[in-house]
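Readers should treat all values here as calculations from the given coordinates under stated rules, not as data from a laboratory. Being a predicted model, the structure only gives us computed values, none of them experimental. Here Cβ is always computed from backbone atoms with ideal geometry, including for glycine, and neighbour counts include all displayed protein chains.
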Amino acid sequence: MPWPETAAPAFCWGAHDAQETGDRLIAAVVAERAERALTLYGPVVAVDTVEALEVAAQLVAAAVDHATALGVETVFARPQGLDRVWIRYGFIPVPETALPPALSGRPGAGLYAWRGGSALWTFREPPRD
């Protein structure tokens, strides 16, 4: 998983196995922020169980909720084979041009985005005066 290019991540969320003794980290998601937009790196799940997809989904839900509380309007993510998770939480496929300049140029193919508030998307240029 690539690491955010900013000095420090906006936030990191992790999941621990409740059945294990100790603090065994089993999954994580990291976020990079640029003004009112955010890119998620992950989630990465380090266990091979039936619940792995659900662990990933719970991390995405927590990350979107936290991003919204921080005032983020748009959350971007790379597919990573988690299409069902992204769609479940209202992410839609978007072109790379949707990324703000501060978050563009990162590795990965494909892009999903979630937009809070009105959830209306447009890629048209605003009218000029």
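Expected output is a single nm value to one decimal: the length gained when fully extending between ARG84 and ARG24, i.e. 0.36 nm times separation in residues minus the C-alpha distance. What is it?
Taking 0.36 nm per residue and subtracting the Cα distance, the gain is 19.0 nm.
Can you work out the FRET efficiency for the pair THR97 and ALA46, with r the C-beta to C-beta distance and R0 = 30 Å, to the nearest 0.05?
0.35
Using 0.36 nm per residue, how much length does the chain from GLU35 to ASP65 gain when fully extended, once their Cα-Cα distance is taken away?
9.1 nm
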